[in-house]
Amino acid sequence: MYVYADNAATTQVSRRAAEAMLPYFTEVYGNASSLHTPGQRAMEALQAAREAVAKAINADHKEIYFTGGGSEADNQAIISGAMMGARQGKKHIISTAFEHHAVLHTLDKLKKQGFEVTLLPVHENGVVTPEDVAAAIREDTALVTVMFVNNEIGTIQPIADIARVCHEKGVLMHTDAVQAVGHIPVDVKALDVDMLSMAAHKFHGPKGVGALYARKGIAVVNVIEGGQQERGKRGGTENIPGIVGMAAAIGEATEHLEDDMKYVTGLRERLIEELSKIPHSRLNGDREKRVPGTVNFCFEGIEGESLLLWLDAKGVAASSGSACTSGSLDPSHVLLALGLPHEVAHGSLRLSLSVYNTPEEIEHIIQAVPEVVDYLRGMSPVWDELERGERPHLI
Ligand SMILES: *Cc1c(COP(=O)(O)O)cnc(C)c1O
């Protein structure tokens with residue numbers, strides 16, 4: 001048995017999404033900017049997809065801008081918010097230390113252009129509070145950007161409360177909702193955010209397509225110069241098959257959201273119950289305020305990388321955190337932001353489930369993880385020192 005438990009990195013495209021896309025490769029392949037019939041059919045598909053995506057998050061179709069994925073939507077949102085602020089002389093941005101690199105690196109770029117950035121610390125449970133945000137807001141704060149669901153540990157942030165605090169002080173609010181859309185209810189009106197990013201491949205749609213929600217009144221900056229596509233906010237021939245796939249996937253996810261959440265939460269609870277029994281392990285992030293599918297554990301005395309390789313050999317695809325940091329030996333910036341010591345953060349394991357996982361697969365994971373942890377601890381000089389009391393246990 002081989003179990004795919006890395007759905008926070010990317011997901012399987014649903015059959016419905018794949019089938020919806022197919023005709024847009026081979027039959028309706030016109031350029032949506034062309035005036036002829038094939039072009040107009042592509043344009044109609046684009047418009048229908050925009051309406052479907054808007055409906056899924058309770059937005060208006062005029063507030064949806066398709067992008068080349070979650071990273072691009074984050075870049076575009078943050079730069080737009082920064083430019084709107086700069087026009088009023090506001091050049092301060094607030095975010096958090098555990099954002100995705102698409103956010104953190106965009107903020108680094110803005111710092112070089114004279115913006116000041118405050119990264120809020122994250123509480124040990126992996127949650128940012130509205131009080132922390134309120135305390136950091138200054139006269140010159142242009143934008144607050146806080147992720148909805150953390151991609152490494154799965155914790156949910158109180159986005160509606162944070163947006164309220166921002167708006168009381170006249171500050172724009174963006175949320176990276178890439179791990180939230182399609183997994184938990186996302187309603188832009190109820191949240192009252194100004195901008196929100198999403199990516200199709202995190203909810204069983206295709207890779208390389210995403211969307212930015214920007215409410216009416218936001219001056220969206222185009223980050224890709226070119227033609228007049230996306231109302232002049234993103235040059236380049238539209239990825240019609242991808243956009244159609246995204247619309248199909250978001251429709252499917254929102255139709256079954258409650259049932260899927262219940263099902264996936266059940267699988268996750270079984271994982272937490274069993275993996276918590278491993279001695280000197282800890283579940284990272286709040287026990288309750290989490291997305292259905294994602295869990296992250298630290299196991300003392302072992303390296304995340306070896307754990308992943310051995311799990312792969314035993315038929316489990318997992319991650320040590322974000323796909324972006326694997327390959328480097330640095331511990332995850334997310335786990336360090338929670339205040340975990342380096343030694344502990346190194347031994348992390350993220351398992352992220354989807355509605356395609358079965359209870360049998362969860363039992364397979366529950367067997368494989370303790371076996372691999374025991375095996376690696378048996379070979380670990382660090383574990384040996386811990387066992388002999390030459391080093392204090394940190395978990
Ligand atoms: C995956 C992810 C992104 C990046 O999305 P891409 O479509 O891969 O560019 C951004 N933010 C979060 C929280 C993510 O999980």
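The values are calculated or read from the model by the stated rules, or taken from the named source; none is laboratory data. Owing to the predicted nature of the structure, the values given are computational and were not obtained by experimental measurement. Don't worry about glycine lacking a Cβ; one is built from the backbone with ideal geometry, like all the others, and counts go over all protein chains shown. These accessible areas exclude ligands, DNA and RNA; they are computed on the full protein's heavy atoms, side chains included. Shrake-Rupley method; radii C 1.70, N 1.55, O 1.52, S 1.80 Å.
Points worth noting:
- Hits in the stretch 248-303 - residues which are of a type in the set (Asp, Glu), more than 22 Å from the chain's Cα centre (by Cα) and not in a helix (DSSP H, G or I): Glu300, Glu303
- Tally of residues being touching a residue at least 12 places away in the same chain (Cβ under 8 Å), open to solvent by 50 Å² or more (accessible area, probe 1.4 Å) and under 18 Å from Gly227 (Cβ atoms) across the stretch 30-42: 2
- Against the numbered list (1) under 21 Å from Gly266 (Cβ atoms); (2) open to solvent by 70 Å² or more (accessible area, probe 1.4 Å), Ile366 comes up short only at (2).
- Against the list (1) open to solvent by 50 Å² or more (accessible area, probe 1.4 Å); (2) more than 30 Å from Val28 (Cα to Cα), the condition Gly266 fails is (1).
- Out of Val186, Val178, sole residue that is open to solvent by 10 Å² or more (accessible area, probe 1.4 Å), in contact with a strand residue (DSSP E or B) (Cβ under 7 Å, 6 or more places away or on another chain), in contact (Cβ under 8 Å) with a residue 60 or more places away in the chain and within 15 Å of the ligand (Cβ to nearest atom): Val178
- Residue in the stretch 80-93 that is under 23 Å from Val133 (Cβ atoms) and either part of a strand (DSSP E or B) or within 12 Å of the ligand (Cβ to nearest atom) (or both) present: yes
- Out of Thr106, Thr118, sole residue that is more than 16 Å from the ligand (Cβ to nearest atom) and either assigned to a helix (DSSP H, G or I) or open to solvent by 30 Å² or more (accessible area, probe 1.4 Å) (or both): Thr118
- Index of the failed condition, Thr254 passing every other in (1) over 26 Å from Ser352 (Cα atoms); (2) open to solvent by 50 Å² or more (accessible area, probe 1.4 Å); (3) at pLDDT 95 or above: (1)
- Residues in the stretch 206-218 that are within 14 Å of Ile57 (Cβ to Cβ) and within 13 Å of the ligand (Cβ to nearest atom): Gly210, Ala211, Leu212.
- Only one of Ile218, Ile162, Ile224 that is in a helix (DSSP H, G or I), in the same structural domain as Thr106 (by TED's automatic domain parsing) and aliphatic (A, V, I, L, M): Ile162
- A search for C-beta distances below 9 Å between a residue of the stretch 90-111 that is in the same structural domain as Thr145 (by TED's automatic domain parsing) and farther than 19 Å from Leu336 by Cβ and any residue that is within 11 Å of the ligand (Cβ to nearest atom) and of a type in the set (D, E, K, R), counting only pairs 6+ apart in sequence or on different chains, returns Thr106/Asp74.
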